[in-house]
Amino acid sequence: MPSSPSLATQLQANFIASSQASSEAGSSRLTRGLSVSNQKAKGRTSQVWNHCSFPPDAIVHNARGKSIWQCKYCFTILQEKGGTGHMITHLREKCKINLQTSHEARIERYQQGIEESFRNVINQNSDYKRRRLNTTTYTESVDPSILEDLYVKWITSCGVSFNMVGREEFRSLLQYLNPGVDSWLPATGDTIQKWIMRKYALYKSSIIDDIQNSLSKIHITVDLWTSGNYKSILGVVGHYIATDGQLKHNVLGVRELEGDHSGENQAKVVIAVILDF
C-alpha cells in the first residue's frame, strides 16, 4: 500500500498549482523557488494564518531563505518577519477581508468587559448606596457601579493586594487617566474587601438560581493542587445545561483541604460545597 505523501510534498504540489493559477491571472508574483522546512512552526495564533495557502505550522522559505506567508486567494507572498500587520493590510486592501489587528482585538475585548459590567449591574439590580468621597466636579463622569464591578474583576483575576487602592503611585495613575475615579474609589483595602464579598454574594445567588433551574443533572468535577504557600487546595466545578440550552461550567468552591488527600477526606469538602448550593 503506497505511503501518504509528506507535508513537504503536498505543499510543493500546492505551490505548483498556485503558480499556474497566478500565471493565468497575470500575476507577477509566482511561487517559484519556495522550499518547505522539515521543522514545524510554533506560536502562530494570528488569524492571518487561516488565510494562508499552507498550514499554520508549516515553515516555507523563499529563494533568499526568508520565512514567508502566502495569501491563499491571490497567492501574493509576503515575508513573515516584522509581524502580521502587513499581512492584515494586504487582506483588507487587496482581498477585501476585514481582519482585526492584535491592538484592535484587544480594544474590543476591553469594551466587551465594560459592556459585561453594565449588564451585571443591571441584572443584579443592586440598590445599596455608594458614598462619594469628595464633591469636586469633573467633565469625565464615572458610574460608581461599573467602577466597582470592573475593579473587583481586576483585583480578583490578577491577584492584586487589597491595599493597592491606597498606594499613592496607583492613585496618581488613576488621577491622570480620569480624575473622576478618585471621587468614588475608596482609600483603604477594608472597603475593597467588602466590595469583593458583596460581589461574591451576588454572583453566588445567580449561580444558585442557574443550577436550580438547569435542564440537566449537575455533574461535579474536582481538582486538587498545592498553592504557592504550600496549602492543599480543592476546587469544585459544576457542569450543567442552563435554561438557554448552553453548557455551563461554574466554580462552586475553592476550599483548603486539611489532613490527608484520601477520597473520604476530599468527599467531606465536596459535600459541604454542594450543600452550600
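No lab work stands behind these numbers, since they all come straight from the coordinates. Worth saying up front: this structure is predicted, and the values here are computed from it rather than measured. So basically every Cβ, Gly included, is an ideal-geometry build from the backbone, and we count neighbours across all protein chains shown.
List of remarks:
- Reach of Lys199 by Cα under 16 Å, taken over aspartates and glutamates that are not fewer than 8 positions away in the same chain: Glu116, Asp127, Glu148, Asp149, Asp190, Asp209
- Within the same chain, lysines fewer than 8 places from Lys72 are excluded, and of the rest, those with a Cα less than 27 Å from its Cα are Lys40, Lys42, Lys81, Lys94, Lys96.
- With a cut-off of 11 Å between beta carbons, the residues surrounding Asp57 carry a summed charge of +3, where Lys and Arg count +1 and Asp and Glu -1.
- Lys42/Arg109 FRET efficiency (R0 30 Å; Cβ-Cβ; nearest 0.05): 0.80
- Between the stretch 198-238 and the stretch 43-122, the alpha-carbon center distance in angstrom: 36
- Extension gain (nm, one decimal) between Val237 and Tyr73, 0.36 nm per residue minus Cα-Cα: 54.6 nm
- Taking a straight line from the alpha carbon of Lys204, these aspartates and glutamates sit under 13 Å away, with near neighbours fewer than eight places off in the same chain left out: Asp276.
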